[in-house]
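Coordinate-derived values only; no laboratory data. The model shown is predicted, which means the values in this text are computed figures rather than measured ones. With ideal geometry, Cβ positions are generated from the backbone for all residues, glycine too; neighbour counts draw on all protein chains shown.
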Amino acid sequence: MNTGVRAIAVLTAAMSLTSCGLFGGGDDDKLEPAELTKIDTKIIVKRLWSADLGGDAEFLRIALRPVGDGNRIYAASRDGNVMAFQPENGKRLWRRELDMDLSAGPGVGNNLVAVAAADGLIIALDAASGNELWRISIAGESLAPPVIKDDLVVVLTIDNRLRALSAFDGTERWVIEQSAPLLTMRGSSTPVIVGTSVVAGFDNGRLISIDLDSGDIEWEAMLSPPSGRSDLERLADVDGGISVVGQDIYAGGYQGRVAAIASESGQALWTREISSFEGVSADWNNIYTVREDGEILSLTRRTGEESWRQNSLLRREPTVPIPFRTTVVVGDFEGYLHFFSNVDGEPVARLKQGSQAITSSPVVVADRLYVQSDAGSLAAYVIEEPRPSRRRAPDIAEQET
């Protein structure tokens, strides 16, 4: 499908979903976002630093989010700024102005930082200096950050093509293509690296594992089988987050399932009928996802059994829950960050980063949480440990008295 036709299809899908009510029937009261109520704050979340990246990305559903490599935090703005920061204090180490609209990134690896431009360019920068190393056109918009592994830069575009580019000069090593449905949601899942393979989700509901060196398909799994009579009913995008724990892959699809899949074979270990556009995240014990109506779910990682659910953010467009210390964190359409206990899902803290939405999921690097809003603001947070209370030792003379 050419870019113009696809753009019309995506727009049509969005209009159709809005007009028919994605989250329920025709009662307007039921479609209102849940109002926030007062919570009992149980942890202290402190903002370490913040930075203005620039570029307003409101309503664009693009994939700009911070990333770290252990030495620096990298971030990019809609209007073409790519920056590197010191994680401890937010000091800007370098800034590169690309003078173009960016749609995804950054990706980092092998001393390389890569971003995707809305017009189909992939630009690679030196991670230490920000100097441009190369740029190449892939003739397709990417809504997933590039993934860098050894000498390859892997890019997924909205035309259902997955490409591997040389990290040295951007030349194409291999490409695979999947069929593209007439209607799709706007978005793409970020490919994940599992050993010597890359796993990616596509708009036809498939999850595919590809050998990094050769580009050969190793296995395919149908995560969201298209069903229904209309194109709208047959939407089956795998556009959300994919997580890997050990040799197990966890993913979710729209109007489909959340599943655990063996990375070596593609065999489903367990599945649950849960429709999620945002995908999943995982820690060692649980899988976290958000349903299309904004309800947050926690499932046990081994069996997929439900541990808890939290419905206080219905229709507030929460991001996928991200594990952070003893909590999971989501952003919402009003710029709030919500912290829930990872044990029982009860709210433990809430703060507001700004006035615009947070549509890109928060990112955890080491012991810090990094959040980029649609307004182009980047902030770093930590959870403060409670200070031990200082109790005055009893005076011996007082005791004797």
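Computed quantities for the displayed model
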{"item": "Full-extension gain in nm, LEU48 to ASP216, via 0.36 nm per residue minus C-alpha separation", "result": "56.0 nm"}
{"item": "Net charge over other residues, Cβ less than 14 angstrom from the Cβ of GLN86 (K, R count +1; D, E count -1)", "result": "+3"}
{"item": "Under 29 Å from LYS149, Cα to Cα: lysines that are on another chain or at least 8 residues apart", "result": "LYS91"}
{"item": "Stretchable slack from GLU346 to ASN71, in nm (0.36 nm times residue separation minus alpha-carbon distance)", "result": "95.6 nm"}
{"item": "Estimated FRET transfer efficiency (GLU264, GLU32; beta-carbon r; R0 51 Å; 0.05)", "result": "0.65"}
{"item": "Gain in span if fully extended, ARG95 to ASN131, counting 0.36 nm per residue against the direct Cα distance", "result": "12.0 nm"}
{"item": "Distance between modelled label sites at ASN311 and ASP169, nm, 7 Å Cα→Cβ extension", "result": "6.0 nm"}
{"item": "Computed label-point distance, nm, for sites THR326 and THR303 using a 7 Å Cα→Cβ extension", "result": "2.5 nm"}
{"item": "Sorted by Cβ density within 10 Å, fewest first, the residues ASP344, ASP159, ASP293, ASP101", "result": "ASP344, ASP293, ASP101, ASP159"}
{"item": "Calculated log₁₀ intensity ratio I(q)/I(0) where the Debye formula runs over C-alpha points of the range 63-180, q = 0.09 Å⁻¹", "result": "-0.21"}
{"item": "ARG92, ARG163 arranged by Cβ crowding within 10 Å, fewest neighbours leading", "result": "ARG92, ARG163"}
{"item": "Proximal lysines to LYS352, defined as alpha-carbon separation beneath 21 angstrom and excluding residues fewer than eight positions away on the same chain", "result": "LYS38, LYS42, LYS46"}
